[in-house]
1. Condition test on residue 195, is it loosely packed, with under 14 Cβ neighbours inside 10 Å, assigned to a helix (DSSP H, G or I) and not assigned by TED's automatic domain parsing to the domain that holds residue 294?
2. Hey, any hits in the stretch 329-337 for a residue that's of a type outside the set (Ser, Thr, Tyr), exposed (fewer than 12 other Cβ atoms within 10 Å of the Cβ) and touching a residue at least 24 places away in the same chain (Cβ under 8 Å)?
3. Of the numbered conditions (1) at pLDDT 95 or above; (2) within 30 Å of residue 223 (Cβ to Cβ), residue 116 satisfies every one except a single condition; which is it?
4. If you scan the stretch 245-276, which residues turn out to be part of a strand (DSSP E or B) and under 25 Å from the mean Cα position of the chain (by Cα)?
5. Which number in (1) out of contact with any Lys or Arg (no Cβ under 9 Å at 6 or more places or on another chain); (2) in contact (Cβ under 8 Å) with a residue 24 or more places away in the chain marks the one condition that residue 275 misses?
6. Are any residues in the stretch 284-326 outside any helix (DSSP H, G or I) and exposed (fewer than 14 other Cβ atoms within 10 Å of the Cβ), and if so, which ones?
7. Residue under question is residue 229, and the condition is that it be surrounded by fewer than 13 Cβ atoms within 10 Å (Cβ to Cβ) and on the phi > 0 side of the Ramachandran plot; does it hold?
8. With the condition kept exactly as written, say whether any residue in the stretch 134-153 is in the same structural domain as residue 44 (by TED's automatic domain parsing), in a helix (DSSP H, G or I), within 30 Å of residue 186 (Cβ to Cβ) and touching an Asp or Glu at 6+ places or on another chain (Cβ under 8 Å).
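The values are calculated or read from the model by the stated rules, or taken from the named source; none is laboratory data. This one's a predicted model, so the numbers in the text were calculated from it and none came from an experiment. For neighbour counting, all protein chains shown are included, and Cβ atoms are generated from backbone atoms with ideal geometry for every residue, glycine included.
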Amino acid sequence: MSTDSDILRMLIRASAGEEDGHGSDLWPAVLDLLARATRAASVRLQVLRSGRLAFDWQSRAEMVDAGLRLAAMPSPDIIALIRSERVYAATDLPGAKGTADPLRILRVTLGRDEIAVLALMRGGEDFRAMDGLRLSNLAPYLGPALSAWQKLAAERRRARLDRQIGKRLGTGWILFAPSGQVTDMADGLAETLAADFGVRRRADGWLDLPVPTGGTTLHRAFSALEGDGAAQRVILSREPLLQMLLAPEDIGDERHVIGRVRMSLQARSLPVASVADSFGLSRGEARLAMLLCDGFSLQQAAAELGWTIETARSYSKQLYARMGVSGQTGVIRRMMDSAVWLG
């Protein structure tokens with residue numbers, strides 16, 4: 001049998017954004033524990049914003065009456081009338097006729113025009129008095145836990161968008177200790193640096209660079225920072241180009257060095273369909289535009305695409321006309337100034 005302490009511990013874990021082994025949040029696990037503690041056959045938790053359903057979880061544990069239908073939620077009109085943090089039986093609900101199955105309802109207020117409703121249903125005998133007391137004791141914690149979880153989820157969504165856009169625009173960051181060892185970096189950046197640029201983090205924390213004398217250059221940059229503190233530009237890779245601007249910065253009470261990373265954009269990494277749709281091109285014209293944007297000459301692009309030079313010239317004329325430019329420089333400018341890099 002689950003205890004109140006078990007439920008509160010799982011509630012705290014859910015509010016902190018922990019996930020189960022399948023990448024799902026822990027709210028169903030909270031409801032499972034609550035179902036065991038109250039011997040409920042069905043437990044359901046909904047979050048409503050301005051009367052509309054935002055989240056809907058249900059218990060997953062196989063209870064004795066597992067065949068019972070989902071706990072029935074009161075109508076929005078009834079929910080609007082019940083008081084927050086008070087436990088209701090079916091017969092206590094304002095204007096409700098009740099149900100054939102024992103029911104307990106708890107509403108908590110999360111914010112302006114946002115509430116959560118918890119419903120427990122049993123088959124057969126009614127809930128015990130201690131079950132109502134357990135829900136009453138849970139009420140002060142449920143609202144703050146859900147609010148904290150939603151705030152954390154929103155911050156994670158924003159961070160995920162920042163990472164996606166930063167990667168598409170070829171930017172990232174590395175956090176260094178003043179001595180030069182890497183202490184942290186943007187999510188996914190380590191994999192990108194290793195796969196695309198051959199830049200890896202060594203066991204001692206220093207970056208291993210493919211550029212000749214790259215390690216010496218990086219050491220000199222940190223030595224210069226210790227001297228006059230002026231920002232230092234470092235080439236981490238030349239082909240493809242990968243640059244970093246080092247600058248000291250205080251984070252909290254500690255002194256760190258931020259490395260702002262800039263990767264050369266590769267048009268060839270873009271989906272052909274996106275380029276074609278963005279500029280109204282055929283797929284062949286889009287592939288040619290991507291190579292020209294990456295600095296290929298027309299002859300080099302023809303060889304890359306397996307075309308004759310005459311075919312490449314024919315495609316280039318169509319490409320220039322569709323993009324409204326007069327040559328390769330115009331293609332590069334149009335693509336670099338476009339939103340195609342944003343996905």
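1. yes
2. No, the stretch 329-337 contains no residue that is of a type outside the set (Ser, Thr, Tyr), exposed (fewer than 12 other Cβ atoms within 10 Å of the Cβ) and touching a residue at least 24 places away in the same chain (Cβ under 8 Å).
3. (2)
4. 251, 258, 259, 260, 261, 262, 263
5. Failing condition for residue 275: (1).
6. Within the stretch 284-326, 295, 297, 306, 308, 324, 326 qualify.
7. It is true that residue 229 is surrounded by fewer than 13 Cβ atoms within 10 Å (Cβ to Cβ) and on the phi > 0 side of the Ramachandran plot.
8. Yes.
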